[in-house]
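Student: Pasting a structure below so you can have a look.
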Amino acid sequence: MSSAPLSPIEIANETRRQLLALIWRNNRLTYPFTVVLAVLLALAAHFRGYAGPVPPLAWAAALAAINLPFHLGNLRLVTAPPAPGDAPAIQRGSRLFLWATYANSGSLAVGTLLYAPWASLELRFFIALLVTGMGAGAVPALAGTSPYIEIYLGMLTVPLIIACAIAGCELDHLLALGAVLYAVAMLVCARGLNAALRSSIQMGGERLSLLASTREALARAETASRVKSEFLANMSHEIRTPINSILGITQVMLRDTPTTGQRAQLARIGVATEHLLGVVNDILDLSKIEAGKMTLDIGPLTVGEIIDRTCMLIAREASAKGLRVQVDCAPLPHALAGDATRLAQALLNYAHNAVKFTRRGAIVLRVRRQAETARRILLRFEVEDTGAGIPAEHLPRLFAAFGQIDASTTREHGGSGLGLVITRHLAGLMGGESGADSAPEVGSTFWFTAWLDKADAPAGPPADDTSLDEAEARLRQEFAGLRILLVEDDGDNRQLAQEIFAPTGLAVDMASCGADAVQMAAASPYALILMDLRMPHMDGLEATRRIRRQAGHGQTPILALTGDVLQGDQERCLQAGMNDFIPKPVRLEVLYAKLLDWLPATSQA
């Protein structure tokens with residue numbers, strides 16, 4: 001059957017084709033059995049002294065000759081049945097078997113009319129016995145299908161009834177009545193069998209059609225998901241590239257000791273840029289959630305550090321509104337393991353909302369133990385505010401994608417409406433739940449729970465807190481003059497890179513596409529290569545593979561510098577031979593830290 005879904009008409013036609021195929025297979029041995037029965041009837045008539053115009057053995061030979069072509073045609077249908085949907089071939093097979101049924105049953109009817117009326121009662125009983133066996137065998141052989149079963153049973157029983165009527169004795173009349181009742185019973189059985197077979201075959205066709213529909217829907221969904229992923233990847237790259245320029249220019253200008261007014265304006269640009277980047281990241285996170293591709297990166301963490309970092313990130317906005325930020329953290333094990341990034345993201349979503357919707361009062365970040373086992377601990381994180389509060393009937397809407405109380409909320413406070421649904425999903429990934437309690441004019445408490453592992457060893461040392469100026473000074477003192485290659489197709493970003501790298505003392509060559517990068521790498525032993533991914537002519541992945549095959553660049557650090565930040569992008573970079581991954585927009589402190597991580601090994605080579 002076709003892999004495409006079937007219409008009701010196609011299912012009905014396929015049911016008919018399968019019933020016919022079943023009949024053709026079941027009747028492969030009908031011809032030899034019929035010949036044997038005809039010979040037995042002929043011998044019985046011969047030995048009973050029949051002396052009519054047609055000798056019994058001659059009749060049996062004629063029956064065998066007439067039915068042989070139909071038998072051979074049936075065998076061809078068994079070995080090479082019509083294909084599904086081949087209506088003309090199915091119709092020809094149906095007509096062939098119809099004539100075969102007429103020939104087979106008609107030949108037996110002629111024998112019954114020739115010999116039964118003039119034979120003894122014992123011979124008529126013998127013929128009735130043969131008819132009974134052949135009729136019973138015909139019901140499953142013909143699958144109870146019309147008109148074959150009616151023709152066959154009619155041609156067997158009607159001549160027997162006529163013969164018994166001609167003979168005229170009382171036993172013959174009883175025999176004729178029995179033949180009528182037998183024929184009716186066989187037809188009832190045949191129709192029941194046919195209905196069951198049709199229902200079974202039709203249900204099988206419908207299941208196959210449903211399976212095909214499911215496969216087709218799955219293929220469409222996969223195509224839509226692939227198109228959506230490609231769209232998001234393109235949009236992420238296209239949005240992050242100009243954000244990279246805006247953020248980079250802002251950082252460069254802030255480094256050039258601007259006036260107080262200029263610094264305030266640049267700070268506003270930075271806040272707007274960070275907000276735009278947050279919206280982009282929320283959309284990408286939501287796409288990962290919908291695709292089931294968001295996963296956790298488990299590692300050592302300290303809850304206190306996550307709380308402190310959250311407070312630091314909301315401190316400026318809270319201070320501008322006159323809000324107090326307080327922490328209420330119960331004593332907790334110092335060495336825990338979980339996804340610190342996602343845990344901080346979930347808590348920060350709540351904290352940002354609390355500051356956004358609170359005009360006066362305080363924001364409280366609270367952590368409590370809720371459950372504990374020998375190896376795990378369930379923590380409840382809460383963010384309490386003294387904002388306007390939310391009516392109880394509106395709370396369920398908040399945790400739906402793009403859910404806010406009304407459109408004016410977005411206009412007044414901004415936001416994509418994705419933070420809460422992302423937090424709910426992150427809590428679920430960490431084995432917990434999320435929710436909110438609120439009362440109008442009193443305030444709200446948003447909470448989520450998360451299971452964390454108890455680490456066997458203390459958390460690792462804190463992250464390097466080297467300042468931007470210190471990192472820049474180290475690069476200038478330790479690596480000035482080292483030649484690196486920046487592969488970037490965007491002209492604005494190349495120009496920005498010259499300003500970014502100028503204070504470091506690094507010598508930076510520029511390539512605008514992967515093909516140029518391959519040629520330049522072949523000509524110079526670069527200490528490090530920063531590689532964009534999406535470029536014309538040759539992308540960064542292929543350029544990396546070719547550079548890795550060049551002599552002298554088997555161990556050269558190659559760092560991805562790209563706006564492609566979807567699930568799997570980092571893995572693809574590492575598989576292509578890159579050493580690390582820097583997402584755009586690039587913050588100078590992150591870029592300098594990566595350079596410090598990779599350049600020492602190069603300088604000592």
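Student: Please report the antiparallel percentage of DSSP beta bridges with both residues in the chain, rounded to the nearest 5.
Tutor: Just about 55 percent of them are antiparallel.
Student: What's the ranking of 155-168, 91-104 by average number of surrounding C-beta atoms within 10 Å, highest first?
Tutor: So the order, starting with the most tightly packed, is 155-168, 91-104.
Student: When the dipole is taken about the Cα centre of the chain, and only Lys, Arg (+1) and Asp, Glu (-1) are charged at their Cβ, what size is it in debye, to the nearest 20? Present the calculation step by step, with values, prior to reporting the outcome.
Tutor: Working: 53 positive and 57 negative charges, 408 e Å.
Dipole size: approximately 1960 debye.
Student: Same structure again: In the chain, with Lys and Arg counted as +1 and Asp and Glu as -1 at Cβ, which of these residues, Leu530, Leu160, Ile243, has the Cα nearest the positive end of the dipole, that is, farthest along it?
Tutor: Leu160
Student: Heavy-atom accessible area per residue, the range 140-290, 1.4 Å probe: how many Å²?
Tutor: Per residue, the range 140-290 has 54 Å² of solvent-accessible surface.
Student: A further question follows. For the chain, return all DSSP H helices satisfying: extent of Cα atoms along own axis at least 20 Å; mean Kyte-Doolittle hydropathy at least 0.0.
Tutor: TM-like helix candidates: 30-47, 56-79, 87-115, 121-141, 148-167, 170-255, 260-291, 303-320, 340-356, 588-603.
Student: Give me the percent of accessible area attributable to carbon and sulfur for the range 84-233, probe 1.4 angstrom.
Tutor: 72
Student: Moving on. Please work out whether the range 243-369 counts as rounded, prolate or oblate from its C-alpha gyration tensor, where a ≥ b ≥ c are the square roots of the eigenvalues and a/c under 1.5 means rounded, while otherwise a/b larger than b/c means prolate and anything else oblate? Numbers along the way, then the final one.
Tutor: Working: a/c = 1.90, a/b = 1.31, b/c = 1.45.
Verdict is oblate for the range 243-369.
Student: Under the √(5λ) rule applied to the eigenvalues of the Cα gyration tensor, what semi-axes describe the equivalent ellipsoid of the range 536-592? Give them in Å, descending.
Tutor: Rounded to whole Å, the semi-axes are 20, 14, 10.
Student: So, one more: For the chain, what size does the Cα cloud have along each of its three principal axes, sorted from largest down, in whole Å?
Tutor: Here the spans come out as 133, 69, 48 Å, largest first.
Student: While we're looking at this one, here's another question. Stretch Leu174-Ala212 to full length: gain in nm at 0.36 nm per residue minus the Cα-Cα span?
Tutor: Length difference between fully extended and current span is 8.0 nm.
Student: Given Ile558, Gly338, Ile90, which one lies farthest toward the positive end of the charge dipole of the chain, if we put +1 on the Cβ of every Lys and Arg and -1 on the Cβ of every Asp and Glu?
Tutor: Ile90
Student: What does the C-alpha gyration tensor say about the overall shape of the range 469-605? Classify as rounded when a/c is under 1.5, otherwise prolate if a/b is larger than b/c, or oblate.
Tutor: Note, shape of the range 469-605 comes out rounded.
Student: Follow-up. What's the carbon and sulfur percent of the range 246-285's accessible surface, probe 1.4 angstrom, rounded to a whole number? All intermediate terms of the calculation are to be shown ahead of the outcome.
Tutor: Working: 1490 of 2250 Å².
About 66 percent, which is the carbon plus sulfur part of the accessible surface.
Student: What's the ranking of 25-32, 318-325 by average number of surrounding C-beta atoms within 10 Å, highest first? Don't skip to the end; give the middle numbers.
Tutor: Values: 25-32: 16.8, 318-325: 14.4.
Put in order of decreasing packing, that is 25-32, 318-325.
Student: Next up: For the range 462-578, with only Lys/Arg (+1) and Asp/Glu (-1) charged at the beta-carbon, what is the dipole magnitude about the Cα centre, in debye rounded to 20?
Tutor: Values: 10 positive and 19 negative charges, 139 e Å.
So the magnitude is around 660 debye.
Student: Output ³J(HN,Hα) for the range 554-563: one whole-Hz value per residue in order, computed from phi by the Karplus curve 6.51 cos²θ - 1.76 cosθ + 1.60 with θ = phi - 60°, and x for Gly and Pro.
Tutor: Listing the rounded values in order: x, 10, 4, x, 10, 10, 5, 10, 8, x Hz.
Student: What number comes out for accessible area per residue over the range 37-90 if the probe is 1.4 Å? Units Å², please.
Tutor: Result: 54 Å² of accessible area for each residue.
Student: For Ala267 and His334, FRET efficiency with R0 = 41 Å and r from the beta-carbon atoms, rounded to 0.05?
Tutor: In this case the efficiency is close to 0.70.
Student: Pairs of Cα atoms under 8 Å, at least six residues apart: use those to get the relative contact order of the chain, whole percent.
Tutor: Relative contact order of the chain: 10 percent.
Student: Separate question: How much area per residue is accessible in the range 513-576 when the probe is 1.4 Å and only protein heavy atoms are counted (Å²)?
Tutor: Heavy-atom accessible area per residue stands at 43 Å².
Student: Place a +1 charge on the Cβ of each Lys and Arg in the range 1-151 and a -1 charge on the Cβ of each Asp and Glu, then give the dipole magnitude about the Cα centre in debye, rounded to the nearest 20.
Tutor: The dipole magnitude comes to about 180 debye.
Student: Still on this structure, I have one more. Check the chain and count each lysine pair with an alpha-carbon distance under 22 angstrom, considering only pairs eight or more places apart or from different chains.
Tutor: Values: Lys228/Lys288; Lys228/Lys293; Lys228/Lys584; Lys288/Lys584; Lys293/Lys584; Lys321/Lys356; Lys584/Lys594.
Step by step, the pairs that qualify in the chain add up to 7.
Student: Then there's this: So for the range 4-160, Kirkwood radius off the Cα pairs, Stokes-Einstein at 10 °C and 1.306 mPa s: how many µm² s⁻¹? Don't jump to the answer; show the numbers that get you there.
Tutor: Values: Rh = 16.6 Å.
D = 95 µm²/s.
Student: Put +1 on the Cβ of each Lys and Arg and -1 on the Cβ of each Asp and Glu in the chain; which of Gly144, Ala576, Ile127 then has its Cα farthest toward the positive end of the dipole?
Tutor: Working it through, the farthest residue towards the positive pole turns out to be Ile127.
The values are calculated or read from the model by the stated rules, or taken from the named source; none is laboratory data. What you are looking at is a predicted structure, and each value in this text was computed from that prediction instead of being measured. Backbone-built Cβ (ideal geometry, glycine too); neighbour counts: all protein chains shown. Note: areas computed on protein heavy atoms with side chains; ligands, DNA, RNA excluded. Shrake-Rupley method; radii C 1.70, N 1.55, O 1.52, S 1.80 Å.
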